[in-house]
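Accompanying notes for the structure given below.
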Amino acid sequence: MKHIRIISPSGAIDPVYIDGAAARLRSWGYQVSEGQYARGRWGRFSGTDAERLADLVDAMTDPTVDYVLCSRGGYGLQRIIDRVPTALSTAKIVGFSDITELHQWSLVNGRVSLHGLMCKHLTELPEDSEMIRNWRRALEDQPLRYEVPSHPLNRAGEIEGTLVGGNLSVLYGLQCTPYGVQAPKPPEGGCQALSVERRASSVLFIEDIAERHYHIDRMMQNLRMSGVLARISGLVVGQFADCEDDAGMNESVYETIRRAVEEYDYPVLFDFPAGHVAENMPLWIGKPTTLKVSSSLCILQQ
C-alpha cells in the first residue's frame, strides 16, 4: 500500500479540500497522513516559514512516505526552498503552481516529481474524468500518453528528452539561483550554463495564470537573454489562464511566446492541457519524454 502525505508548504487551504482528497485517496487503497500544519493559517500562509519547512522536511525524511501531495499552491516556497536539505528519502513531490519550486528542487537533486492535481481538484472532479484517471495512472507508474490537436503556432519536430519546468512566473523568480532552469545541479557561484549533455535532453514546459501580457513577454525575454531558450531541445506551452491579450502588444500571448523562440529550430507544442485549469493533465518533471509535433497531430508520452 502506497503512503501519501498531505502537506501545505505554501498557501493556507480550506480544510474541506484536504478531507475530500484524503477520502478519495483512501477509497483507492492509499494510506494517507497529514503534516502537522497542513490545515494551519498564518496570514496568507499555512504556517510560519519554520512550520511549513518542518512539515516538508518531515514528509521527505519519512521512509514510509511514497508521495508528498502538496494541498495547494499560492505563495510561500521561495521563502524556504533553500533550507530544504538534500539528503532526504525517495518520496516524490506532487503538485503545481508554486510547487514548481519543489519540482526544480527535485530536478536539481536528481529526483522526479509530478506536475499535477492537488486537493481541490481531487475533491471536486468526477471519478471518471480524464484528469483523475491519468493522475491515478501516474501514481501507479503506468505510462502517460497524450494526443493534442495541432496549433497554428506549433513548430514541427520530434525529440526525446527530460521534461523540466512548470509555472513560468515561479521559474522566472528562480533564475540565477541554484534552482533556476539553467542549473542541472547547485552551482558553486552565480548562474551556470547547462552542459552539452543536459542541453540535448531538456524539454521545457511552461504555464501561468493571471499575468499581464507584457510581463509574460518580460519573462520570456529573460529566458532568451539568459540562454535558457537556446539550451533546450523542445518547448511545451501549457495553459495561460486569465492572461488576456494586450492590444498594445500587437500580438496574442501565444504569439509573444512563439516570437521568443523564433530563432531556434526545435519543436514547439502550444495549448497543451496542463496548468491552472480543470483539464490539468499530469506530467512527470525530470522523466524521459517523447515529443512529436506535426501538422496533423501532436503526441507527448512519458
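Within region 217-234, residues that are free of Cβ contacts under 8 Å to residues at least 60 places away in the same chain have Cβ atoms under 6 Å from residues that are assigned to a helix (DSSP H, G or I) and small (G, A, S) in these pairs: M220/A260; R224/A260, counting only partners at least 6 apart in sequence or on another chain. So for region 92-110 (the condition being surrounded by fewer than 20 Cβ atoms within 10 Å (Cβ to Cβ), farther than 21 Å from R136 by Cα and more than 15 Å from the chain's Cα centre (by Cα)), does at least one residue qualify? Scanning region 92-110 turns up at least one residue that is surrounded by fewer than 20 Cβ atoms within 10 Å (Cβ to Cβ), farther than 21 Å from R136 by Cα and more than 15 Å from the chain's Cα centre (by Cα). Annotation: of all residues in region 138-149 being over 13 Å from E279 (Cα atoms) and touching a residue at least 60 places away in the same chain (Cβ under 8 Å), the one that is surrounded by the most Cβ atoms within 10 Å (Cβ to Cβ) is A138.
Residues considered: I13, I7, I80. Of these, the only one that is over 28 Å from P288 (Cβ atoms), among the β-branched types (V, I, T) and in contact with an Asp or Glu (Cβ under 9 Å, 6 or more places away or on another chain) is I80. Number of residues in region 24-33 that are farther than 14 Å from L69 by Cα and part of a helix (DSSP H, G or I) equals 1. What about G74, is it closer than 25 Å to H276 by Cβ and crowded, with 20+ Cβ neighbours inside 10 Å? In short, no.
Please state which one of V68, V57 is more than 18 Å from F96 (Cα to Cα) and within 20 Å of the chain's Cα centre (by Cα). It is V57. Taking the criterion of being among the aliphatic types (A, V, I, L, M) and buried (at least 21 other Cβ atoms within 10 Å of the Cβ), the only residue of region 237-252 that qualifies is V237.
Listed here are the residues, each with its yes/no results for (1) more than 19 Å from T100 (Cα to Cα); (2) in contact with a helix residue (DSSP H, G or I) (Cβ under 7 Å, 6 or more places away or on another chain); (3) among the polar types (S, T, N, Q).
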| residue | (1), (2), (3) |
| --- | --- |
| L229 | no, yes, no |
| D245 | yes, yes, no |
| E263 | yes, no, no |
| A274 | no, no, no |
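In region 197-239, the residue that is nearest to G74 (Cα to Cα) out of those that are in a helix (DSSP H, G or I) and among the polar types (S, T, N, Q) is N222.
Yes or no, residue by residue, for (1) touching a helix residue (DSSP H, G or I) at 6+ places or on another chain (Cβ under 6 Å); (2) without any contact (Cβ under 8 Å) to a residue 24 or more places away in the chain; (3) basic (K, R):
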| position | (1), (2), (3) |
| --- | --- |
| G35 | yes, no, no |
| R39 | yes, no, yes |
| V57 | no, no, no |
| G73 | yes, no, no |
| L77 | yes, no, no |
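The condition of being assigned by TED's automatic domain parsing to the domain that holds T123, among the aliphatic types (A, V, I, L, M) and surrounded by 20 or more Cβ atoms within 10 Å (Cβ to Cβ) holds for only one of V32, V68, that being V68.
Hydrophobic (A, V, I, L, M, F, W, C), surrounded by fewer than 18 Cβ atoms within 10 Å (Cβ to Cβ) and farther than 21 Å from E207 by Cβ: is that true of A54 in this structure? So A54 fits the description; yes.
The values are calculated or read from the model by the stated rules, or taken from the named source; none is laboratory data. As the structure is a prediction and not an experimental result, all values here were calculated from the model. Backbone-built Cβ (ideal geometry, glycine too); neighbour counts: all protein chains shown.
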